[in-house]
Amino acid sequence: MPAPAETVGQRIKRFREETGMTVSQLAATTGLSKSYLSELESGKGSAQKPSAETLYAIAKALGVAMADLLGKPVLVEADPKPPTSLLTFAKRAKIPSSDVAMLANIKFRGEKPKTPERWAFIYQAIKNSAAMDK
C-alpha cells in the first residue's frame, strides 16, 4: 500500500523547518496567528482548507511557490509561436533565438507588442538596462 500523500499542512511544516523558521516567526511574518498555523500544520481544527490569500502569505514568507505548498506542478501557459511582428523584428535585427524566446513572454497590461518597431524599442530598453546590474 503506497504511503499517504503529504498534506498542505505537512508541507508547510517541512518548508518552515527547512528554512529554520519557528511557528512564531512564520506567524509574525505572515500576520497569521500562531495557533492557526499550528492547527494548519497538524491538520486539526478548522484550519484544514486555507484560503488562497493565506497560502500566498505563507509561500511568500517561506520563499516557495504556492504550487510547492499544494504539492502540484506549476502550470505555465506556453505560447506555441512568437508573434509575427516579433519574428519580423528578430530577423531584421539578427537577434539570438534565446532573446526571441525571452521577448515572446513579454506582455504589457495583458497584451503583447504589435509592431516590429515596438519590439525593437523594448529590446533596446532591456539591453540598455544591463548596465544597471553592474
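For region 1-17: of the residues being modelled with pLDDT under 90 and among the small types (Gly, Ala, Ser), which is farthest from residue 65 (Cα to Cα)? Per the criteria, the residue is 3. Exactly one residue out of 106, 122, 95 is assigned to a loop (DSSP other than H, G, I, E, B), more than 30 Å from residue 13 (Cα to Cα), outside the structural domain of residue 24 (by TED's automatic domain parsing) and modelled with pLDDT of 90 or more, and it is 95. Which residues, counting only those in region 104-120, are over 12 Å from residue 92 (Cβ atoms) and either among the aliphatic types (A, V, I, L, M) or without any contact (Cβ under 8 Å) to a residue 12 or more places away in the chain (or both)? Listed by number, the residues that qualify are 104, 106, 107, 108, 109, 110, 111.
Just one of the listed residues (32, 37, 69) is farther than 14 Å from residue 8 by Cα, out of contact with any Pro (no Cβ under 6 Å at 6 or more places or on another chain) and modelled with pLDDT of 85 or more, namely 32.
Looking only at region 18-28, residues that are part of a helix (DSSP H, G or I), at pLDDT 95 or above and under 15 Å from residue 59 (Cα atoms) come to 5 in all.
The values are calculated or read from the model by the stated rules, or taken from the named source; none is laboratory data. Bear in mind the structure is a predicted one, so any value in this text is a computation, not a measurement. Note that we place each Cβ from the backbone using ideal geometry, even for glycine, and neighbour counts take in every protein chain shown.
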